[in-house]
Structures are given as C-alpha cells and as structure tokens.
2 protein chains.
Amino acid sequence: MKFTQATDYAFRIIFYLSQQKPGEIVEARQISERESIPIRFLLKTIRSLSQAGIVKSYRGLKGGYSLAQDPKEITLKDIVEAVEGPVRINKCLLNDKDCNKDATSWCPIHKALRNVQKVTNSELEKYNFCDLININQHRDKEE
Amino acid sequence: MKFTQATDYAFRIIFYLSQQKPGEIVEARQISERESIPIRFLLKTIRSLSQAGIVKSYRGLKGGYSLAQDPKEITLKDIVEAVEGPVRINKCLLNDKDCNKDATSWCPIHKALRNVQKVTNSELEKYNFCDLININQHRDKEE
DNA sequence: TATAAGTATACTAAATAGGTATAGAATATG
DNA sequence: CATATTCTATACCTATTTAGTATACTTATA
C-alpha cells in the first residue's frame, strides 16, 4: 500500500518542471542531475507522463520536456495514475472475476474498500503543483 | 497502491469469525474451506492477526481460533496494519534518511502525501466488522 | 548531414508476494 | 500418560513486480 519509486520520481519531475518559466524546455539530463534520478529510468518514467498528456516532449537538438498543462491543473492523482495506472485498492475492484459473487459473505468489505479508494483519490486530487510550489516558496522565505 | 492477497484473506477470516457465536472456536481448516484460502497460507496469515491481539488461538485437540475483541472494535485498518505493518504511502514517511532534506524542492509533496495517508487511514478506521456483517445480513434479507 | 536530443523495446537483477514444507509445542481425550 | 490433533516457528521455493540498464531507432536543429 505505497507508491512506487517511479511515482516518487515523477512527483519530483513535475515539481521541477513546475518551477520553470512557462513553456521553458528542459532536457532530461538536467532534471536527472538536479533531482538525483538515474537518467535512463527517468527517460522511461517521463514517457508515461508524456503519453498521459502531462508533459510535452521535444526531440532533436534543443529538445527536452515542458509541462503540457498549467501546474494548477496537475494534481498528485494525475501523476499517480499516469505512472501506475488507475488506483485500485484491491483485486476485487479491478475486475469482477476476482470477486467471487457466490461468496456474498465478503462483498460488503469490498464495498467499504471502494469508499476508501474514493476518499483516497479525492484527497490526491486536492493537491495541484501550483499550490505545492507556492507552499515551498513561502517556506523558503520564512527560513 | 493496493492491498496484498494476505490482507484480503485476513479480511475474509475476520469477517467469517465475526459471524460466529461470541467465543466460538473455529479451526483453521474450516475457515480455509469456507473462504477458499490455502490452508498453510491461512495459518501463516492468521498468526499475524493473533500476534496483533485481534484473534485468540487455541492449540491442541479442539483448538482453533476465535475473535479476541468484539467485532465492533475491529476495523479494516486494524487488519491492514496487523498483516502489512503500518501503512506508509511512500518511503519518505517511513524514515528520515530516505527524505533528502537538502532537496527542499520536493518535501512539500511529502507533506501532502502525509495528509493523503492520514485521510486514508481514518477512512479505514470507519469500518468495523459489526457494521459490515449487519450490512450483509440486511442485504441477504432483501434478496 | 552530423549530432544531440527523445522513443521503443527488450533485457537483467533485486525485492516482494504468494505459497509450501518440516520440525516442534500445547492440549483434550482415551 | 500416550497419542492424535491443532496451532507455532522457521525456513524455503517460485512467480511476479519493481528498479534499473542497454541497444537500436527516430526526430529536429544547426
């Protein structure tokens, strides 16, 4: 019940890109170095973000990545889903076959778990990267 | 970001025991058969529940398991924690070493994740097995 | 057209999950 | 008190997933 390393890296990648000037293209190597992420693993991970439409990629010389959306529009949930796929708290919610319908004895539990999942997802949606970098800016000033 | 098979089995085990007469001792094989859980895996899993003080175990002839607490007092969170250990949504929350304190750039994210974790945990605490079996009873009548 | 970027796919190693086996300890019953 | 029965402890094995790497390819700029 925790996020993968790739998701954690993805959080950092988007956080880093959110701090750049809008439209600024940053190459993979720079993100990799600044955030201490193995370059090849970053390239693989960021492709999920690109395919999900969260970052734009540019090939060739002067290529790199930039956000495809305003940081305000990108939430933690978007990142998690882009990297790990939809959050499904247990198998039963994933497909009907894994939930033994004859065993009515345990289905109420899965109903409860569906609620847990719903609550978790909506909490993840509450945090966007505009707010997150502002909190950070604020904190930096204070210290 | 999902529960393990062992946790899912544990849900079913406690659900099954909650439906017995208070104090009734049920042997592992019976639970195993009724809930379609491999017996040896069940024995391993239920030991975590026993060690966490959720079930009582009785050895020898006529031995088996019964709940150590009132179903009302046992929540989904208790089960998850007994089987998987404390829920920690990412490494950073697990120990300070994994959170690079110099990289202030990504710590606000971890603050947010701590809130997500808090919300998830408190949702898991809302469901106790007394309520869960009653929902089930109710549903059975309706159908 | 050379070079510096990302893309796609496949591969490998380590960790975790899921399940099994074996030997041992406790206890009800004859 | 002997024995069968039930749980306990530990160790083991296999499959899957995670984390990371390598190679060949595509795109675009200068």
Counting other Cβ atoms within 10 Å, which GluC sites (Glu not before Pro) in segment B:23-52 have at most 10 and lie in a DSSP loop? none
Using the Karplus curve 6.51 cos²θ - 1.76 cosθ + 1.60 with θ = phi - 60°, work out ³J(HN,Hα) for each residue of segment B:41-58 in order, rounded to whole Hz, and write x for Gly and Pro. 5, 4, 4, 5, 5, 5, 5, 4, 5, 5, 5, 7, x, 8, 10, 9, 10, 10
So which of A:77/B:77; A:72/B:126; A:44/B:126; A:72/B:118; B:56/B:111 end up more than 29 Å apart by C-alpha? A:72/B:126; A:44/B:126; B:56/B:111
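We did not get these values from a lab; they are worked out from the coordinates using the rules stated. Worth saying up front: this structure is predicted, and the values here are computed from it rather than measured. In this analysis, Cβ positions are derived from the backbone assuming ideal geometry, glycine residues included, and neighbour counts consider all displayed protein chains.
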